[in-house]
Each structure stands twice: as C-alpha cells, then as structure tokens.
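Read through the structure below, which is laid out as structure tokens, and then see the notes.
The values are calculated or read from the model by the stated rules, or taken from the named source; none is laboratory data. The model shown is predicted, which means the values in this text are computed figures rather than measured ones. For neighbour counting, all protein chains shown are included, and Cβ atoms are generated from backbone atoms with ideal geometry for every residue, glycine included.
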C-alpha cells in the first residue's frame, strides 16, 4: 500500500481543474444496461471505483472500450448475465446500482449484499422497498439479494423512509421501463440525481421533478443508447476550496459548478474567505486567517457529509471554537483520532465534535480510515509544521483523481511512495 508524504510549506496558489464526479459516473455506467446499443460516457474520472463499475458492467455482458483517459464506449447489446459477483461488489457499495437496471431489462438481478463499511452500515433496505413496490419478488440468502419478476414492473407510489441518493437512483432506473406512473416521495435532490435523470431522459425516459422532493416517472416500453458528459465532482471541488483556505492560499478551481457549492461557499465566507465565481470557476482567497464556524451536515442542498472531515481539519486551525454535528452517518468521526495525533483539540460527544482551534498543527504519521478522512489528513498535512506521512491512501484513490499531482502544481511539497519506510528527501 502506498503512502503520501507531505512537507507543510505555506499557501497554495494557482489553478486546478476538477475531474468528473464519481458519484454521477457510477449510476450512469449502471444505466447503460437499460438500452441495447452503444453509449459513450465522457469526463469519467480515472478512479478505483469507476474501474470497478466498468468491470462489473463488462461481466454482465457489455463490451467496453476506453477510448482515452476519460472516455468510455459501452455496448450493451448482449446483456444476459444477471449476477453481480461478490468479488466485485465487496470492493464498492455502489455496485448495488445494477439491481434496478438488471431487473428492468432482464426481469432478474442477483447481487451480493454489500454489507457495512467504515463510516456506517448504509443498508439497502430502501432500495429493496422501492423495487418490491414496483412488483419485484425479493429473496435474501447466502449473502446475495436475488430479485425477480415474472412480468413487466408496475408503476407505484413510493415514499422513502429516509433520504437516500443511491436508493432513489436504483428505483428511478427500474421505474423508467415499468408499466404506468411511479411517484417517488421524499426523494434525494442531489445534483448527481439530476444528472442521472438527464441521462435517462436523453435515452427516452419520461422523468419529471428531479431536484425536488417528488419525482414522477411515466414508464416507457424501451430506451435507446445515448451519450453524456459527467458533471464536475463537487466534493473534489470542495476539497480544493478547503485546501486553499487551510493554507491561506489563492486558488482558482476550474471545471466546477458553483451552484453545487453554495453550502460550503457560505461557510467558507463565514469563516473569512473571499470567494468569487462564474459559470465554471471558483476563486478562493484566504489571506486573513480562518474564524471558527459551526456546521451541521444535511442532505443536499445542506452542508454535505462528504465535506465534514475536510472542514473539521480547517476548523482545527481556526480562531475560536466550533461545533460540527454529523447527522447523516453514525460513524463518520474516525478521522478525529488521527487529527488529534497532529495536535488538534477535538472532543466528541455523540454525533457532535467540539473543536478548539490552535495556531499550528504538527506533522505526524497518521492512517487513513476512509475516503473523506484521507482527504482531511492531506489537508491537515498541507498546513502542518513538519512532515506528515499518511498510510493506507488506497482510500483516497477511490474518490480523487491524481490528488497529489494536482496539489503539487499548486505548490505543495507532496509525493507518493510505496509502502515501507519513507525515504529521506
């Protein structure tokens, strides 16, 4: 396993281009299964998770060609395999997104249960509730969920018990080929849900209300292949915004959508950053230090849980005390122990973290525990005094494309090394 070594060296400056959104790309790979023929996905980030979903779609029968670093041609003429094997699903929870498309196209889907993960259980009960309402029969045994239907799925009114992005996506992809109208209430409103709906509409689906709490789908008998460009990754953009803030930097983020960043931008402004934006750029200037601000995570358009760890690293060096409340995942504070190894003053109480800002973090050897925790440690290392060595950075590679290379172009002293003793500079 690789390590990342960082020497804290002051403000970042320059321009950084944001990659395509992993959480938009993954459901679109799954959605290609709905239509026989060739689809092209552009601006796909080169990540462990996107490579895994591409392999899974290929195992199910698709012919895939990667035409350049960020473009996939996917031909789903021959989709006959309905089973997603454990060997692939175990590495990525989003593999369950093939349930809806396989059920709609083949009438059956058998997918290994994804189980828990480092930041919480994240069960798929809402996925199964919705698919059952559409007429599917569900069997759970031997670690697999086996869903089947003897006839075309039927539209239904489905009220989600909790807001779940992938759950809504799975139901949407099943419902587009169902007979009649499906209404999803208490639906997730994330930009990635809208992006999937846009893609499905380009394939011939009839979807309204995406981006609101109620999505209405009128089923059609068939879909056609279509091509799309993956939207920018709002969490990567947010991470680089915080990187500018935590180092007192001057950074322009390009290929971003400022409309997706309003909650984070608001908190960074409250903390003292100067932020300006146009259609696809965000400029962050942090020249007067950071003030402590409180944050509560919430479903979109609230403050994203995927930015909580990064913002906590920033608050560790803010003037004053702050409280961060995590309302989405029950175990998403594992980065706290590692930040404390770097000198952060953080106390936990239930789902809240109380943070007293200090003047300077200290470089240390730390261990990444999940994707966003990895990013928070990188940010902490950029602003820390001395050397920070982060192990288990394979987590980082699930969600950030060439992060250390992009930071290096902004002036960071950062490098990746194979596992083992880090080399002296």
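Out of the range 23-51, which residues are closer than 19 Å to residue 306 by Cβ and surrounded by fewer than 19 Cβ atoms within 10 Å (Cβ to Cβ)?
48
Here are 158, 163, 147: which of them is under 24 Å from residue 231 (Cβ atoms) and either in contact (Cβ under 8 Å) with a residue 12 or more places away in the chain or touching a helix residue (DSSP H, G or I) at 6+ places or on another chain (Cβ under 9 Å) (or both)?
Values: 158 fails: under 24 Å from residue 231 (Cβ atoms); 147 fails: under 24 Å from residue 231 (Cβ atoms).
Exactly one of 158, 163, 147 is under 24 Å from residue 231 (Cβ atoms) and either in contact (Cβ under 8 Å) with a residue 12 or more places away in the chain or touching a helix residue (DSSP H, G or I) at 6+ places or on another chain (Cβ under 9 Å) (or both), namely 163.
Is it true that residue 98 is under 24 Å from residue 370 (Cα atoms), buried (at least 24 other Cβ atoms within 10 Å of the Cβ) and touching a strand residue (DSSP E or B) at 6+ places or on another chain (Cβ under 7 Å)?
Yes.
Could you grab me the full set of residues in the range 262-297 that are in a helix (DSSP H, G or I) and touching a strand residue (DSSP E or B) at 6+ places or on another chain (Cβ under 9 Å)?
Filtering the range 262-297 for residues in a helix (DSSP H, G or I) gives 262-270.
Passing the criteria: 263, 264, 265, 266, 267, 268, 269, 270.
With respect to residue 279, is the statement that it is free of Cβ contacts under 8 Å to residues at least 24 places away in the same chain and more than 27 Å from residue 374 (Cβ to Cβ) true?
In short, yes.
One residue is enough: does the range 377-386 have a residue meeting the conditions touching a strand residue (DSSP E or B) at 6+ places or on another chain (Cβ under 9 Å), modelled with pLDDT of 95 or more and surrounded by fewer than 22 Cβ atoms within 10 Å (Cβ to Cβ)?
Within the range 377-386 (the criterion being touching a strand residue (DSSP E or B) at 6+ places or on another chain (Cβ under 9 Å), modelled with pLDDT of 95 or more and surrounded by fewer than 22 Cβ atoms within 10 Å (Cβ to Cβ)), the answer is yes, since at least one residue qualifies.
Does the range 367-401 hold any residues that are closer than 15 Å to residue 332 by Cα and either in contact (Cβ under 8 Å) with a residue 40 or more places away in the chain or assigned to a helix (DSSP H, G or I) (or both), and which are they?
Scanning the range 367-401 gives 369, 370, 371, 372, 373, 374, 375, 376, 377, 395.
Consider the range 202-261. How many of its residues are more than 30 Å from residue 105 (Cα to Cα) and outside any loop (DSSP other than H, G, I, E, B)?
Of the range 202-261, the ones more than 30 Å from residue 105 (Cα to Cα) are 234-261.
Imposing the further condition that a residue be outside any loop (DSSP other than H, G, I, E, B) reduces the set to 234-246, 250-254, 258-261.
Here the count works out to 22.
With the structure loaded, tell me whether residue 263 is over 23 Å from residue 329 (Cβ atoms) and at pLDDT 95 or above or whether it fails that test. Please lay out each step first, then the result.
On the way: over 23 Å from residue 329 (Cβ atoms): no; at pLDDT 95 or above: yes.
When the stated conditions are applied, residue 263 does not pass them.
Collect the residues in the range 266-282 that are farther than 18 Å from residue 323 by Cα and crowded, with 19+ Cβ neighbours inside 10 Å, keeping them in residue-number order.
Correct list: 273, 275, 282.
Quick check on the range 314-326. Is at least one of its residues under 21 Å from residue 381 (Cα atoms) and modelled with pLDDT under 95?
Among the residues of the range 314-326, not one is under 21 Å from residue 381 (Cα atoms) and modelled with pLDDT under 95, which makes the answer no.
Looking for something loosely packed, with under 15 Cβ neighbours inside 10 Å, closer than 22 Å to residue 2 by Cβ and at pLDDT 95 or above - is there at least one such residue anywhere in the range 341-362?
no
Could you go through the range 74-82 and let me know if any residue there is closer than 30 Å to residue 281 by Cα, within 23 Å of the chain's Cα centre (by Cα) and crowded, with 17+ Cβ neighbours inside 10 Å.
No, the range 74-82 has no match at all.
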